[in-house]
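I'd like to ask some things about the structure below.
The values are calculated or read from the model by the stated rules, or taken from the named source; none is laboratory data. The shown structure was predicted, so the numbers you read here are calculated from the model rather than taken from an experiment. Quick reminder, even Gly has a Cβ in these numbers, built from the backbone with ideal geometry, and neighbours come from all protein chains shown.
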Amino acid sequence: MRGKTLWSSLLPSTPPPPDLVEWTSAAALDTIRPVPPNSQFPMVVLAIPLVIVALVILSTIFWIMTLIDCAVNEPSEGNDKIIWILILIFTHALGALIYRCARRPERIRLYGK
């Protein structure tokens, strides 16, 4: 084993089988197509993450607008303002939706703002 490294002694001395070479050749890779060329599959794969990112961004903007609305317009009587701000912070978009549907119309009716 003189002149050989440990690594070269572990490698097989025979070439790889022809079917393995065929699978890794460029011509073989060109013939393998998991999706037909005119398919819309790649566009759907790209569109789903973009839609999810857009929904996350829009819900975050909605949440920030609701948080600002609550902090500025909610009356400071009692602990209502603090409780609603904590609900908004800990529940994100769900809390913003609950605030907009439940508390905001009541606040506008009672206080006019």
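Restricting to the stretch 45-61, give me the number of residues that are of a type outside the set (A, V, I, L, M) and exposed (fewer than 11 other Cβ atoms within 10 Å of the Cβ).
So the count comes out to 1.
Then there's this: Of a type in the set (Gly, Ala, Ser) and modelled with pLDDT under 80: which single residue out of Ala27, Ala71 fits that description?
Every option except Ala27 fails the conditions.
State the number of residues belonging to the stretch 40-58 that are among the small types (Gly, Ala, Ser) and more than 13 Å from the chain's Cα centre (by Cα).
0
Also: For the stretch 62-78, enumerate the residues that are surrounded by 10 or more Cβ atoms within 10 Å (Cβ to Cβ) and not acidic (Asp, Glu).
Phe62, Trp63, Ile64, Met65, Thr66, Leu67, Ile68, Cys70, Ala71, Asn73, Pro75 - these are the residues of the stretch 62-78 that are surrounded by 10 or more Cβ atoms within 10 Å (Cβ to Cβ) and not acidic (Asp, Glu).
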